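Take a look at the structure below.
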Amino acid sequence: MLSNYMQAKNEINSADNESQQLSRKNYLNVSYNLANYHALLAHMNNDQDQRWILFIAPPGKPNFSFLQRSGIHKSRVLTLDAHKVKDSLTLLKSTLQSNNYSTVITWLSEIDKTLQRELQDYCKASSTNCFVYCKQ
């Protein structure tokens, strides 16, 4: 997971402005491409918020050396392993409402329009950016 950070980082430099605008307008970013982390990487490279960054049930470990090279200290990054998370959706909702995180990244099996609106409202209220990766 996220093992091609450096290659992706180079590719997103040209799309930084577009991704920044997307992240600022929509706190919630949903992707059905499990290998496309361009918007997330652009956001993480440009985000000035010093609150926690949380990975909920990632399919692998985040690349901490890349995060540090991007100016994100690994002490700001929390990872909740998939085998420790019983209900990802409930955890996601409570996390977004907590106002403790600048960015929350998670993987869900699906997300409908109603859930997207609900999560977007939580994100706006707490000024938290959320990246949800869904299976197709």
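A few comments on the model shown:
- Tally of residues being closer than 14 Å to residue 27 by Cβ and surrounded by 16 or more Cβ atoms within 10 Å (Cβ to Cβ) across the range 75-102: 5
- All conditions in (1) within 13 Å of the chain's Cα centre (by Cα); (2) at pLDDT 85 or above hold for residue 49, with the sole exception of (1).
- Taking the criterion of being farther than 17 Å from residue 59 by Cβ and either in contact (Cβ under 8 Å) with a residue 12 or more places away in the chain or among the small types (Gly, Ala, Ser) (or both), the residues of the range 90-114 that qualify are 93, 94, 95, 96, 97, 98, 99, 100, 101, 102, 103.
- Considering 105, 72, the condition of being surrounded by 15 or more Cβ atoms within 10 Å (Cβ to Cβ) and at pLDDT 90 or above is satisfied by 105 alone.
- Given (1) in contact with a helix residue (DSSP H, G or I) (Cβ under 6 Å, 6 or more places away or on another chain); (2) small (Gly, Ala, Ser); (3) modelled with pLDDT of 80 or more, number of the condition residue 8 does not satisfy: (3)
- Here residue 127 does not qualify as among the polar types (S, T, N, Q), crowded, with 18+ Cβ neighbours inside 10 Å and under 22 Å from residue 46 (Cα atoms).
- Considering (1) modelled with pLDDT of 90 or more; (2) part of a helix (DSSP H, G or I), the lone condition that residue 111 does not fulfil carries the number (2).
The values are calculated or read from the model by the stated rules, or taken from the named source; none is laboratory data. Computed from a predicted model, the values in this text were never measured in an experiment. Cβ: placed from backbone, ideal geometry, glycine included. Neighbour counts: every protein chain shown.
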